[in-house]
């Protein structure tokens with residue numbers, strides 16, 4: 001049986017990952033104030049802190065691109081129809097669309113998305129959780145052997161049907177052989193739950209979007225985000241503090257400074273009184289000139305533009321500012337132009353979806369194993385299923401409607417209908433269509 005030392009060893013080995021999670025989380029929450037902003041200006045004023053949340057923006061765009069449309073699961077020859085229908089029913093009951101969005105966001109941000117799949121009260125339950133609650137032990141081939149989840153529960157939280165009187169720390173242990181729960185609160189470390197893992201495979205499913213299971217956000221991309229924020233803050237500071245003109249007063253009176261510092265009966269200096277009245281008592285030979293430091297706004301704009309371009313390139317997202325006509329309105333563009341604009345994102349989406357689909361397939365494998373044990377229809381060969389993550393890409397609907405009829409001689413009805421952006425389920429659309437003849 002696993003010991004407290006074994007659990008601590010697994011948990012401590014994942015400490016660097018949790019440190020990285022917390023750093024990226026700060027950027028995602030907009031709390032990434034660089035040390036640069038805490039260093040005062042030379043004139044003693046505080047620097048302007050401006051945060052453009054690029055991490056949340058990039059994450060939201062990629063997550064929306066790949067999870068806005070439901071994942072499709074298909075079987076080429078319908079040999080697994082009954083089992084696949086059972087899987088689809090389970091996914092619908094667990095609101096799989098929301099789980100996919102959360103798991104993809106976690107995998108994109110932190111490098112891993114984690115969910116547990118269990119059977120209780122006659123139903124299969126899928127629960128997604130934050131990766132910073134987990135630590136894993138892998139074998140030499142990279143296969144998951146032990147998963148440890150650490151939860152800090154406060155007083156009043158229900159645990160196994162009863163409210164806790166005091167706060168406690170719970171460790172959940174998952175292996176191929178058993179599922180256990182240990183408590184490390186007011187009492188010494190002890191076992192509070194132990195059950196056989198009857199499905200014989202890990203009930204913990206992990207997702208990633210990169211083969212090395214790391215975050216999409218490299219240090220260079222985070223540095224580019226910091227540079228953009230620094231440049232914006234510096235521009236705000238220069239505009240705020242440096243455009244005020246300085247008055248240069250050349251007086252012919254050699255004792256002018258002493259006269260300005262003289263005080264009246266109330267102790268107010270002549271200089272202070274001049275400021276109060278906005279009057280300058282100059283002599284006939286005195287000269288006054290305004291000196292102003294001009295901010296090189298064009299230089300700042302160039303720096304911001306280049307920094308913005310680097311973020312869009314490394315983040316693999318399109319810069320839609322190039323499509324606006326000056327007032328923020330996006331001009332009409334062709335379907336080919338859209339493909340070119342989203343080229344880097346489409347390329348990245350292919351790689352991201354392939355890695356994420358491995359987790360989706362493993363989820364089906366676990367669900368299928370539960371269905372098999374309780375006597376429900378199950379999929380004979382999970383590897384034979386086709387998993388499709390459809391991209392939520394802007395399209396030129398007019399162009400598509402125009403060329404779709406031309407494909408009737410070379411493509412089947414389902415393939416043609418699936419090309420229409422407004423159709424989410426081609427089979428249902430064909431079934432409900434009042435047209436029984438092929439598209440012409």
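The values are calculated or read from the model by the stated rules, or taken from the named source; none is laboratory data. Because the structure is a prediction, the values reported are computed rather than measured. Here the Cβ positions follow ideal geometry from the backbone for every residue, glycine too, while neighbour counts run over all protein chains shown.
Observations
- So residue 301, is it within 20 Å of residue 237 (Cα to Cα), at pLDDT below 80 and either outside any helix (DSSP H, G or I) or under 60 Å from the mean Cα position of the chain (by Cα) (or both): no
- Taking segment 372-393 as the range and being more than 23 Å from residue 143 (Cα to Cα) and touching a helix residue (DSSP H, G or I) at 6+ places or on another chain (Cβ under 8 Å) as the test, the residues that pass are 376, 377, 378, 389, 391, 392, 393.
- When residue 46 is tested against (1) modelled with pLDDT of 90 or more; (2) under 30 Å from residue 221 (Cα atoms), exactly one condition is not met: (1).
Yes or no, residue by residue, for (1) modelled with pLDDT under 90; (2) part of a helix (DSSP H, G or I):
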position: 179; (1), (2): no, no
position: 186; (1), (2): yes, no
position: 193; (1), (2): yes, no
position: 198; (1), (2): no, no
position: 202; (1), (2): no, no
position: 223; (1), (2): no, yes
position: 233; (1), (2): yes, yes
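- The residue of segment 421-440 that is surrounded by the fewest Cβ atoms within 10 Å (Cβ to Cβ), among those that are under 29 Å from the mean Cα position of the chain (by Cα) and modelled with pLDDT under 70, is 422.
Conditions tested, residue by residue: (1) free of Cβ contacts under 8 Å to residues at least 60 places away in the same chain; (2) more than 27 Å from residue 101 (Cα to Cα); (3) in a loop (DSSP other than H, G, I, E, B).
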residue	(1), (2), (3)
347	yes, no, no
353	no, no, no
371	no, no, no
378	no, no, yes
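- Within segment 113-172, the only residue that satisfies the criterion of being in contact with a helix residue (DSSP H, G or I) (Cβ under 9 Å, 6 or more places away or on another chain) and in a loop (DSSP other than H, G, I, E, B) is 130.
- Which numbered condition residue 99 fails, given (1) touching a residue at least 40 places away in the same chain (Cβ under 8 Å); (2) in contact with a strand residue (DSSP E or B) (Cβ under 8 Å, 6 or more places away or on another chain): (1)
- Residues that are surrounded by 10 or more Cβ atoms within 10 Å (Cβ to Cβ) and part of a loop (DSSP other than H, G, I, E, B) within segment 267-280 comprise 268, 280, listed in sequence order.
- Any hit, segment 404-420, residues being modelled with pLDDT under 90, exposed (fewer than 13 other Cβ atoms within 10 Å of the Cβ) and in contact with a helix residue (DSSP H, G or I) (Cβ under 7 Å, 6 or more places away or on another chain): yes
- Test set (1) closer than 28 Å to residue 48 by Cβ; (2) at pLDDT 80 or above; (3) in a loop (DSSP other than H, G, I, E, B) - residue 293 fails condition number: (2)
- Filter pass, residue 28 being at pLDDT 90 or above and outside any helix (DSSP H, G or I): no
- Identity of the residue in segment 195-211, over 24 Å from residue 160 (Cβ atoms) and either without any contact (Cβ under 8 Å) to a residue 12 or more places away in the chain or under 33 Å from the mean Cα position of the chain (by Cα) (or both), that ends up surrounded by the fewest Cβ atoms within 10 Å (Cβ to Cβ): 211
- Test result for residue 56, exposed (fewer than 15 other Cβ atoms within 10 Å of the Cβ) and farther than 30 Å from residue 318 by Cβ: no
Okay, residues lined up against (1) touching a helix residue (DSSP H, G or I) at 6+ places or on another chain (Cβ under 7 Å); (2) assigned to a loop (DSSP other than H, G, I, E, B); (3) modelled with pLDDT of 95 or more:
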| position | (1), (2), (3) |
| --- | --- |
| 78 | no, yes, no |
| 83 | yes, no, no |
| 98 | no, no, yes |
| 102 | no, no, yes |
| 105 | yes, no, yes |
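- Breaking point among (1) under 19 Å from the mean Cα position of the chain (by Cα); (2) at pLDDT 95 or above; (3) crowded, with 16+ Cβ neighbours inside 10 Å, for residue 132: (2)
- Residue match in segment 104-115 (condition: surrounded by fewer than 15 Cβ atoms within 10 Å (Cβ to Cβ) and under 28 Å from the mean Cα position of the chain (by Cα)): no
A quick yes/no check of all residues on (1) at pLDDT below 85; (2) over 28 Å from residue 127 (Cα atoms):
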position	(1), (2)
217	no, no
236	yes, yes
243	yes, yes
247	yes, yes
266	no, yes
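- In segment 302-314, the residues that are at positive phi and touching a residue at least 60 places away in the same chain (Cβ under 8 Å) never reach a residue that is surrounded by 14 or more Cβ atoms within 10 Å (Cβ to Cβ) and not in a helix (DSSP H, G or I) with C-beta atoms less than 6 angstrom apart, at least six apart or across chains.
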